[in-house]
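The values are calculated or read from the model by the stated rules, or taken from the named source; none is laboratory data. Only a predicted model underlies this, so the values are computations on that prediction, with no experimental measurement involved. Because the Cβ atoms are built from the backbone with ideal geometry, glycine has one as well, and the counts that use them run over all protein chains shown.
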Amino acid sequence: MLGLKLPTDPRWVNIIEENINEILTDHAYCEMKAASYAMSLIMKYPNNSEIVDQMTELSREEMTHFQMVHKLIKERGLKLGKEKKDFYVHDLMKFIKRGGSEEMVLVDRLLIAAMIEARSCERFLTLSENIKDKELSKFYYDLMASEARHYTLFLKLAKKYGVGVDVDSRWKEFLAEEARIIAGYGNDKAVHG
């Protein structure tokens, strides 16, 4: 369904299990950044009512997820901690085409979000299937469905508003680039690390 070219090695979960506070902190900030990105799309496309409506709802949902992760952190007697740079997202952002038509720029912005949501979905599934902590297994399984919904929303919007852009071809380019990038990750205590 997701089309990702390179699956996460399940051994990545071993790193996560040894660093629960770090992964939960990273995850919380990922949710906050996703909400912020949705809001930035509203600011860039205020005249597009559908994008405004969809991104308003999405930002609310992402902040609800942030609250859920933060609650879990507190229940475990842990602290949120400081944000760390998400190098995976940073590397992906380099692939966005600068300039070009307004439609192309919008498509790339939507596809980058779809890609991040797709990888998060895949990582949450990997966690849910391989982590020994039953509470976290259920937590990540439940969140996986949201990530899949977000992924499909961004793809749908890209196809709808990518007038004159070959969205399917561009998505294939994103998938190939993401596989190249993610091959260098999988050894860090982060959602995308």
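Per-residue answers, yes or no, for (1) out of contact with any helix residue (DSSP H, G or I) (no Cβ under 7 Å at 6 or more places or on another chain); (2) assigned to a helix (DSSP H, G or I); (3) buried (at least 19 other Cβ atoms within 10 Å of the Cβ); (4) free of Cβ contacts under 8 Å to residues at least 60 places away in the same chain:
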{"site": "128", "(1), (2), (3), (4)": "no, yes, no, yes"}
{"site": "132", "(1), (2), (3), (4)": "no, no, no, no"}
{"site": "149", "(1), (2), (3), (4)": "yes, yes, no, yes"}
{"site": "163", "(1), (2), (3), (4)": "no, no, no, no"}
{"site": "175", "(1), (2), (3), (4)": "yes, yes, no, no"}
{"site": "180", "(1), (2), (3), (4)": "yes, yes, no, yes"}
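For every residue, the table says whether it meets (1) buried (at least 22 other Cβ atoms within 10 Å of the Cβ); (2) closer than 25 Å to residue 149 by Cα.
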residue: 82; (1), (2): no, no
residue: 87; (1), (2): no, yes
residue: 90; (1), (2): no, yes
residue: 98; (1), (2): no, no
residue: 102; (1), (2): no, no
residue: 112; (1), (2): no, yes
residue: 116; (1), (2): yes, yes
residue: 120; (1), (2): yes, yes
residue: 125; (1), (2): no, yes
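When we screen 39, 43 for residues that are more than 25 Å from residue 129 (Cβ to Cβ), modelled with pLDDT of 90 or more and exposed (fewer than 13 other Cβ atoms within 10 Å of the Cβ), the only hit is 43.
When 100, 193 are screened for being at positive phi and modelled with pLDDT under 90, only 100 passes. The condition of being closer than 24 Å to residue 171 by Cα, over 17 Å from the mean Cα position of the chain (by Cα) and either buried (at least 18 other Cβ atoms within 10 Å of the Cβ) or modelled with pLDDT under 95 (or both) holds for only one of 16, 20, 51, that being 51.
Could you list, in sequence order, the residues of the range 138-167 that are small (Gly, Ala, Ser) and modelled with pLDDT of 95 or more?
The answer is 158, and nothing else.
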